[in-house]
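The values are calculated or read from the model by the stated rules, or taken from the named source; none is laboratory data. These numbers come from a predicted model, not from an experiment. Neighbour counts are summed over all protein chains in view; Cβ atoms, including those assigned to glycine, are modelled from backbone coordinates with ideal geometry. For the accessible areas, the whole protein counts, side chains as well, though only heavy atoms, and no ligand, DNA or RNA atoms are used. Shrake-Rupley method; radii C 1.70, N 1.55, O 1.52, S 1.80 Å.
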Amino acid sequence: MAGYRIDKVHALITGASSGLGVEFARQLARRSVAMTLVARREAELLQTRDLILGINPAVRVTICVADIATDAGRAAVVSNVGLAESKVTVLINNAGLGDYGRFDKADPGKISQQIDVNVTALTLLTREIIPVMARPGGIVNVSSLAGTLFMPELAVYAATKAYVTSFSEALSIELSPSGISVTAVCPGPTPTNFSKTARRENGEDTNRSGQGVLKQPPERVVRDALASLEAGRAVIYPGAPVALASWIFRVVPRFLLRLIMGRRMKST
Ligand SMILES: NC(=O)c1ccc[n+]([C@@H]2O[C@H](COP(=O)([O-])OP(=O)(O)OC[C@H]3O[C@@H](n4cnc5c(N)ncnc54)[C@H](OP(=O)(O)O)[C@@H]3O)[C@@H](O)[C@H]2O)c1
């Protein structure tokens, strides 16, 4: 697939108030003429805007406070983009959340949130933005290493990310002839606010220790994601340990993985 050269772009970033979204904004700042930052928390979005302007005061930054889990929130994003001086050239579908713990004890509201943000918002926003995007253009969908593997006690999250990776690979083929490159980035554990949001307030969440070897900094994840978009790679697992783990999860027979995952669950 042909890649997309990131230069003088208008980047639309969801989840730009924290973690990987802030890092995407930071790394794109010097390569952007405009940026639209989306999340629910306005104060944090304003901090991201200040960060971008500190790096490159010439960027036209638009803040869009929206809950993209809702139709109204997504409509606000689309209308914001419609009013912008320049067309969006790069869409970063980054907003997302998880939930640590057993499915049968999960808060139904948090189950819906994961599906609404990780799957529905990513899909429908992409559908709305493609027709108004400039050509050539690029889309980065933030998936997860968890998307390669069924994960007990992270079941809904892992399933949503399997969707994101599959959806992105299909889109990368469909959209390539029309000049839009698509990359799914599948990070392993990355220090952001993700764990804080995924934890359960009643303390019954799962022990997630033992993942240190897979940990990659946000700088690395975003650098690899943007380089892969430029190189026309449909899927990237940032960092050698994460790439190796993803390979193992894809080649080991599923019955063996079920045994291993069952033992792991018993031991925690
Ligand atoms: N950190 C990891 O270990 C890891 C690993 C693999 C994949 N990922 C993926 O990386 C992406 C970014 O997560 P992160 O690690 O940077 O976590 P984070 O620090 O918790 O950031 C999540 C972002 O998503 C936004 N968001 C959540 N719900 C939203 C909604 N309804 N409407 C609008 N924005 C919403 C949050 O903004 P507001 O709260 O202000 O709305 C926040 O900016 C997610 O898709 C996550 O699944 C993370």
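Quick check on this structure: which one of 23, 44 is open to solvent by 20 Å² or more (accessible area, probe 1.4 Å) and within 13 Å of the ligand (Cβ to nearest atom)? Talk me through it step by step, then tell me what you get.
Details: 23 fails: open to solvent by 20 Å² or more (accessible area, probe 1.4 Å).
Just a single option satisfies the conditions, and that option is 44.
Sub-7 Å Cβ pairs linking a first residue in region 186-209 that is hydrophobic (A, V, I, L, M, F, W, C) to a second residue that is modelled with pLDDT of 70 or more and near the ligand (Cβ under 8 Å from one of its atoms), at least 6 apart or interchain, are 186/143; 186/144; 186/145; 194/19; 194/98; 198/97; 198/98, ordered by first then second residue.
Check 172, 181, 176 and return the single one that is away from the ligand (no atom under 11 Å from the Cβ) and in contact with a helix residue (DSSP H, G or I) (Cβ under 9 Å, 6 or more places away or on another chain). That would be 181, the only listed residue that is away from the ligand (no atom under 11 Å from the Cβ) and in contact with a helix residue (DSSP H, G or I) (Cβ under 9 Å, 6 or more places away or on another chain).
Within region 151-198, being on the phi > 0 side of the Ramachandran plot and among the charged types (D, E, K, R) holds for one residue alone: 153.
For the residues 84, 76, 95, the requirement of being open to solvent by 20 Å² or more (accessible area, probe 1.4 Å) and away from the ligand (no atom under 11 Å from the Cβ) singles out 84. Just one of the listed residues (37, 51) is near the ligand (Cβ under 10 Å from one of its atoms) and of a type outside the set (Ser, Thr, Tyr), and it is 37.
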